[in-house]
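Worksheet: one structure, shown below.
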Amino acid sequence: MKRLVAFFAVLVVAVGSTSAGPKPQAGVVLSHTSVACGTKKSKKQDIDLLCQQYVVRAGTTDYTIRQPKPDDQHLIPLNAPIQFTLDKNMMKFKFNGTSFKFVVTSQAAASSTAP
């Protein structure tokens, strides 16, 4: 009986520790570009909207991330160290007290030189 109780206690601890959520990873912002991400119609013309796109290196992987909407225009400086979490196709992190949520558009093996 004691073995059965001990087994269930270990099982509960193991399940609890695996469902803690994604672990933060360390990364560095390598590059920044502005890319077209839609248009806004004005009375006389269409206005192209720009979104910020970054390359973040984490270990041996480069992630290309983009703003989900063009309304948030904060700029993150190059070589800024960040702690991020990945959740499906979203990268979440904080920089200077501001929370950011970016869409991961691609990931690739890190090249030997920074872009």
* Show the residue pairs that are 6+ apart or on different chains and have beta-carbon atoms under 6 Å apart, the first residue being within segment 24-37 and part of a loop (DSSP other than H, G, I, E, B), the second being hydroxyl-bearing (Ser, Thr, Tyr). => Pro24/Thr85
* To do: Filter segment 62-85 for residues that are surrounded by 11 or more Cβ atoms within 10 Å (Cβ to Cβ), of a type outside the set (D, E, K, R) and not in a loop (DSSP other than H, G, I, E, B) and give the result.
  => Tyr63, Thr64, Ile65, Ile82, Gln83, Phe84, Thr85
* Asked: Only one residue in Lys44, Lys40 is assigned to a strand (DSSP E or B), of a type in the set (D, E, K, R) and either modelled with pLDDT under 90 or more than 22 Å from Ser99 (Cα to Cα) (or both). Which one?
  -> Lys40
* Structure fact -> When Gln53 is run through (1) assigned to a strand (DSSP E or B); (2) on the phi > 0 side of the Ramachandran plot, the failure sits at (2)
* Per-region count, segment 86-114, residues out of contact with any Leu (no Cβ under 8 Å at 6 or more places or on another chain), closer than 16 Å to Thr60 by Cα and surrounded by 10 or more Cβ atoms within 10 Å (Cβ to Cβ) -> 6
* Structure fact -> Counting only residues in segment 30-61 that are under 18 Å from Gln107 (Cα atoms) and in contact with a Pro (Cβ under 7 Å, 6 or more places away or on another chain), the one surrounded by the fewest Cβ atoms within 10 Å (Cβ to Cβ) is identified as Ser31
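The values are calculated or read from the model by the stated rules, or taken from the named source; none is laboratory data. These figures come from a predicted structure and were not determined experimentally. As a convention, Cβ positions derive from the backbone with ideal geometry for all residues, glycine included, and neighbour counts pool all protein chains shown.
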